[in-house]
Amino acid sequence: MEDYTETIEGYPINAIKRCVEKRQDCYIDKFIKLQGGVSFNGAAFLTGPLWFAYRLMWLESLIIILAGSICDSLVFAAELLIEPFTEPGSSAGLFIVVLVANRVVVACLADGLYWKYIKRKLDRIRENAPETREGASPYSYKKYICATSIMCALWAWAFREIGAYIAYGVGKAIASQLSYLLW
């Protein structure tokens, strides 16, 4: 029988562990520390939206892909606009700075967003759990699923790659329109 007495913000630790699935103790520590501020997630920094998709956070993954594609478009446009005035290849630094800044923001937000996702999931489980005997936890219901998925991460990677191609095309179009207007 699982013990549902230890909690974080009123959510039983054993239920949180069942939702997290992989690296449970690490995330329990992160969720406890999050009560005091921001956390940095190295995996989210390295993989960006793929980490969110792996954790089945589709909406967050999609938002990061779209935001990244918009940033990419603007950076490509800026690079194409300043290219005639700079040494060949010297504008690549702008892309790297924007990429790293984007990833740092994502990594700092990742654990907090994941904790909110887990809480929403546990709230839904509590609301939809079948009637439990008196004193039993609704989280003891065995059929709830909170998982991770490599397949979801692969889909997010494919969407990100498509977004990069679109971003390059949009950036090129923006740059050509701006150069037409400016020169």
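The values are calculated or read from the model by the stated rules, or taken from the named source; none is laboratory data. None of these values were measured; they are calculated from a predicted model. Positions of Cβ are generated from backbone atoms using ideal geometry, with glycine treated the same way; all protein chains shown enter the neighbour counts.
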Among residues of segment 140-158 being among the β-branched types (V, I, T) and assigned to a loop (DSSP other than H, G, I, E, B), the residue modelled with the highest pLDDT is T148
Screening E161, E127 for residues that are within 27 Å of P12 (Cα to Cα), at pLDDT 65 or above and in a helix (DSSP H, G or I) leaves only E127
Would you confirm whether any residue within segment 31-45 is among the basic types (K, R) and under 16 Å from Y117 (Cα atoms)?
no
Can you confirm whether V75 is loosely packed, with under 15 Cβ neighbours inside 10 Å, at pLDDT 70 or above and assigned to a helix (DSSP H, G or I)?
no
Filter segment 8-57 for residues that are farther than 25 Å from W157 by Cα, part of a helix (DSSP H, G or I) and β-branched (V, I, T) and give the result.
I13, I16, I28, I32
Please go through segment 1-17 and pick out each residue that is modelled with pLDDT under 80, out of contact with any helix residue (DSSP H, G or I) (no Cβ under 7 Å at 6 or more places or on another chain) and not aliphatic (A, V, I, L, M).
T5
Inside segment 37-59, the number of residues satisfying the requirement of being surrounded by 14 or more Cβ atoms within 10 Å (Cβ to Cβ), under 19 Å from G163 (Cα atoms) and not β-branched (V, I, T) is 11
